[in-house]
Each structure stands twice: as structure tokens, then as C-alpha cells.
Amino acid sequence: MDAQLELLVDPDLDRPPAVEVVRSARRRRTISAERVGDRIVVHVPARMSRTEEAEWVARMVRRVLAGERRRHRGDDDLLARALTLSGRYLGGRAAPASVRWVDNQQQRWGSCTPADRTIRLSRRLATMPGYVVDYVLLHELAHLIEPGHGAAFTALMAGYEELARAEGFLDGATHAARGASPAA
Ligand SMILES: [Zn+2]
């Protein structure tokens, strides 16, 4: 297995990503690409000709970058949605700097860091009804104003029409995720 580092020029990018090509004798037919930090690593079969390799590497890098651009657009939508909710329910007082979907949040539906005004939503929410996503988003936005869950926080959330319905939905989802076992 030998690895080489090369640069690939993409006119859409300010800074082209470093591309690492790994030729592996064990990989007969499989071609794959993955993002590893600031690099894109492309695995190709060792038998592939240099011309074929160049074509495949370019194609796989474009695919990874296109996926990343799609995800970033999703995050832009989320930020716009957060700003709308803040305007409607919080008098625009919550001003997040960024709102992102994340894959590594299995225990929580959402989280926020008031210090840098960032909000993260678990991607598990992405398939749930819009009023549930809005509820979690509003909950995290309210935390940018009020860190605790006391009376002040409850008052911030009070204007949301689907409050009880969304809480019921998430209770059910949490119960199902834990595996419904009969109460003792
Ligand atoms: Zn909370």
C-alpha cells in the first residue's frame, strides 16, 4: 500500500482540499472516499491504471465535496428557521451565531453553548414533524437568554402553540428508543 498526497483544484473552493490516494492491493474493485480532517482520502485498487485512477479520484472528491455542500445548505436552512422562531416567540432576543445538525448526539435532542451562541440539533430530529423540530430549536434558543429550566425559562416557552404536543411526541420517542419494557 502506498499513499501519496496531491492537490486537486476545484474552482468553487477558496482553498482546495488535500487529497490522499491510497492504492491497496487488497481492494480489488472497491473505490471509496472519506473526509479525514482537512484531507479527502480516496482508496483505489492497486491494479487501476494511472489514467483511470486520476478520473476516479476527481469523481470521488467531487462527490464528497457535493455532499458537504448539501449538508451546509441544510445548516443554513436551520439558522434561518431559528431566526424566524426567535422573532416570533422571543421578540428576536435570541441571536444564534450558528445552528447545525450533528450526528453524535444520542442522549440529547439538542444542545447550546451560550458563550459562543451555537446550537446543535441531533439529526434524529430530522425525520420528526416540523413542530417537534421547532420546539427543540426554540428550547435551545430560549437557553441563549435563560440558562436554567425555572419559571423564567417556562415563560419564554409559553407562547409556543404546540408545546404540549411536541413534549408528548418526544416523550414517546424517548420511550421507544429505550426499548419499551413493562413497568414493574
Ligand atoms: Zn434545556
Checklist entry - Considering region 141-156 alone, what residues qualify as being without any contact (Cβ under 8 Å) to a residue 40 or more places away in the chain and within 12 Å of the ligand (Cβ to nearest atom)? => result 143, 146, 147, 148, 149, 150, 153, 154
Item to check | Any chance residue 65 is more than 15 Å from the ligand (Cβ to nearest atom) and of a type in the set (A, V, I, L, M, F, W, C) | outcome: yes
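Does residue 85 satisfy the criteria of being within 16 Å of the ligand (Cβ to nearest atom) and either more than 18 Å from the chain's Cα centre (by Cα) or part of a loop (DSSP other than H, G, I, E, B) (or both)?
Yes; evaluated as a whole, the condition is true for this residue.
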Next on the checklist: Restricting to region 84-110, give me the number of residues that are buried (at least 17 other Cβ atoms within 10 Å of the Cβ) and out of contact with any Pro (no Cβ under 9 Å at 6 or more places or on another chain).
Outcome noted: 9
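Within region 114-143, how many residues turn out to be among the β-branched types (Val, Ile, Thr) and in contact with a Leu (Cβ under 9 Å, 6 or more places away or on another chain)? Walk me through it before giving the result.
Residues of region 114-143 that are among the β-branched types (Val, Ile, Thr), as a first pass: 118-119, 127, 132-133, 136.
If we keep only those that are in contact with a Leu (Cβ under 9 Å, 6 or more places away or on another chain) too, we end up with 119, 132-133, 136.
Of the residues in that region, 4 qualify.
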Next on the checklist: Checking the structure you have, find out if any residue of region 114-121 is in contact with a Pro (Cβ under 6 Å, 6 or more places away or on another chain), within 14 Å of the ligand (Cβ to nearest atom) and either within 23 Å of residue 73 (Cα to Cα) or touching a residue at least 12 places away in the same chain (Cβ under 8 Å) (or both).
Outcome noted: yes
Item to check | From 24, 32, residue being surrounded by fewer than 17 Cβ atoms within 10 Å (Cβ to Cβ), at pLDDT below 85 and of a type in the set (Ser, Thr, Tyr) | outcome: 24
Checklist entry - Residues in region 141-155: is at least one of a type in the set (Ser, Thr, Tyr) and over 14 Å from residue 90 (Cβ atoms)? => result no
Checklist entry - Quick one: is residue 111 among the polar types (S, T, N, Q), touching a helix residue (DSSP H, G or I) at 6+ places or on another chain (Cβ under 8 Å) and more than 16 Å from the ligand (Cβ to nearest atom)? => result no
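The values are calculated or read from the model by the stated rules, or taken from the named source; none is laboratory data. Only a predicted model underlies this, so the values are computations on that prediction, with no experimental measurement involved. A quick note on method: Cβ atoms are made from the backbone with ideal geometry, for glycine too, and the neighbour counts reach across all protein chains shown.
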